[in-house]
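Below is one structure, written out as structure tokens; the observations come after it.
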Amino acid sequence: MNEDRAALGRRRERGAQLVVATAALVFAILVISGALTLGYAIPGFAVVALVCFLALRADENGKRAAPPHSVAEQANDPLRTIVSGLPDPVIAVDRDSRVLALNEAARALAPALRQGEPVSLAMRMPELIETVGRAFAHGETERVEYSERVPVDRWFEAVAMPVKRSVDAAMPDMVLLTFRDLTPLRRVEEMRADFVANASHELRTPLAALSGFIETLQGSARDDAKARERFLAIMQEQARRMARLIDDLLSLSRIELNAHRRPDVPVDLVPIVRQVVDSLQTLARDRGVTVNVEAVGVLTVFGDRDEMVRLFENLVENALKYGAAGKRLDIKLALETASDGEPEAMASVRDYGPGIAPEHLPRLTERFYRVDVRESRAQGGTGLGLALVKHILNRHRGRLSIESTLGAGATFTVHLPPAGPRVSQ
Ligand code: ADP
């Protein structure tokens, strides 16, 4: 390959000499024939000679500046071919931690990485370089976890595997660095830790109240019959609250467990909603709320009946609890056409209460998220109701939309794919 280049260089040099000689001849003929004076011929010839000289120099510089390995050479280098074919980020480094080869995924991870340059220039993680050093020193695979804070928090695991490129080499002469993005895993771990902390906190509050009242009943209120009655009623309510919370937590984990199994039994939503409304009549009466149900004849979806009951219980109960001030509740079930033109089973629960400020709307379905924690507790809420609704709908390939204006009530709408031919108006 180098011989070819030398031959090409010699040919170019000879070509340039020929051009200069021809130019000299042409200018001489022109001067002799009187077509050109010496005053014009000499600078003209000088320009031609200079251009030829500069062209040759540029050619030589270009050759020197070209990367040591052309594309053709890269294709012939088995190390680079293998590394570039791997899907995960891979960097091969030598004993000086210089990059021998890298693939596109590694370049995406650290765009400043350059072949032939030290890894540390592009990846300023001392622990990574130490791990490469340890892998060379011990001749064994080493691992390290590290994080990046900028531009966003990301976590990685790097594995440094020492490699002997020649079978008889005594020591490894290369380390293959591979990377695994741990960020999604970490996020899930954080969410789980938050969830356990929240759940424990929710349980600890009624538990502390129970313990406090037990102590009071054993001590100062031992002989106070009236206080005993009052405290026992509070204790019963706290125990109910704990039971509700455990019940909601178990439901959530059950639904999550089945998340990928889509229900395939057709169920009619109309009798389910009517049953839920009947079961909540006492609460509605207590709150002075009239519930109106406007429904099509049959509205069938593929669904889990118990989960559908749970879903509408949560929505109707919330409307009765938080929207009671409006004294009215409208429930509507219909088969509509979605924005994509497909039919859609829709069930909306509209209250005329105080409504919800727009900044809360996107977070309402998060676990334990409440607009007003004190009010939710006072209403016996666990903060898990709408999270349950969202998970149930995810499993049913449906979605929840929430519309509200402060002071003008709220509408929670369930959108579900209808169960084909069984749907009728
Ligand atoms: P909770 O157990 O607290 O009722 P949910 O997940 O069911 O938990 O609801 C979360 C929060 O959303 C409630 O605490 C309440 O602040 C708000 N919310 C839910 N439904 C309504 C509604 N119809 N009107 C006003 N606020 C509501």
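What follows is calculated from the coordinates using simple rules that are stated; it is not laboratory data. Just so it is clear, the model here is predicted, and its values are computed rather than measured. Cβ coordinates were reconstructed from backbone atoms using ideal geometry, including for glycine residues, and neighbour counts include every protein chain displayed.
With unit charges on the beta carbon (Lys/Arg positive, Asp/Glu negative), name the residue among ALA221, ALA209, VAL196 whose Cα is farthest towards the positive pole of the charge dipole of region 186-261.
The residue sitting most towards the positive pole is VAL196.
Sequence-distant or interchain residues sharing an amide H contact under 5 Å with ALA101, placed H: which?
Under 5 Å from the amide H of ALA101: ALA92.
Measure out, as a whole number of angstrom, how far apart the alpha-carbon centroids of region 208-284 and region 102-165 sit.
53
Please name whichever of ALA233, LEU250, VAL296 sits farthest to the positive end of the charge dipole of region 220-302, dipole taken about the Cα centre and charges placed at Cβ: Lys and Arg +1, Asp and Glu -1.
The Cα lying farthest towards the positive end belongs to ALA233.
Give me the Kirkwood hydrodynamic radius of region 262-425 in Å, from all C-alpha pairs, to one decimal place?
After inverting the mean inverse Cα-Cα distance, the result is 16.0 Å.
Please compute the Kirkwood hydrodynamic radius of region 329-417 from all pairs of different C-alpha atoms, in Å with one decimal.
Result for region 329-417, one decimal place: 14.0 Å.
Using θ = phi - 60° and the Karplus curve 6.51 cos²θ - 1.76 cosθ + 1.60, what whole-Hz ³J(HN,Hα) does each residue of region 184-189 get, with Gly and Pro shown as x?
Residue by residue, region 184-189 yields x, 4, 4, 4, 5, 4 Hz.
Going by amide H atoms built from the backbone, whose H comes under 5 Å of the H on GLY409, apart from near neighbours?
GLY353, GLY355
Would you kindly give the portion of the calculated P(r) for region 260-342 that falls above 18 Å, as a percent of all Cα pairs?
48
Using the Karplus equation 6.51 cos²θ - 1.76 cosθ + 1.60 (θ = phi - 60°), what ³J(HN,Hα) coupling, rounded to whole Hz, does each residue of region 296-301 give in order, writing x for Gly and Pro?
6, x, 9, 9, 9, 10
In region 329-390, which GluC sites (Glu not before Pro) fall in coil by DSSP and have 16 or fewer other Cβ atoms within 10 Å?
GLU366
So how much slack lies between ARG262 and ALA137, counting 0.36 nm per residue of separation and subtracting their Cα-Cα distance, in nm?
Stretched fully, the ARG262-ALA137 segment lengthens by 39.7 nm.
If the only charges are +1 at each Lys and Arg Cβ and -1 at each Asp and Glu Cβ, what is the size of the charge dipole of region 137-248 around the Cα centre, to the nearest 20 debye?
Dipole size: approximately 400 debye.
Largest first and in whole Å, what are the equivalent-ellipsoid semi-axes of region 132-246 based on the Cα gyration tensor, each being the root of 5 times an eigenvalue?
63, 15, 10
Under Stokes-Einstein, with the Kirkwood radius over Cα pairs standing in for Rh, what whole-number D in µm²/s applies to region 186-261 at 10 °C and 1.306 mPa s?
The estimated diffusion coefficient comes to 108 µm²/s.
Given H placed on each backbone N at 1.01 Å, which residues far from VAL267 in sequence or on other chains put an amide H within less than 5 Å of it?
VAL301, PHE302, GLY303
With θ taken as phi - 60° and the coefficients 6.51, -1.76 and 1.60, list the Karplus ³J(HN,Hα) couplings across region 154-166 in order, rounded to whole Hz; mark glycine and proline as x.
Using θ = phi - 60°, the values come out as 9, 10, 9, 10, 10, 10, 10, 10, x, 9, 9, 6, 10 Hz.
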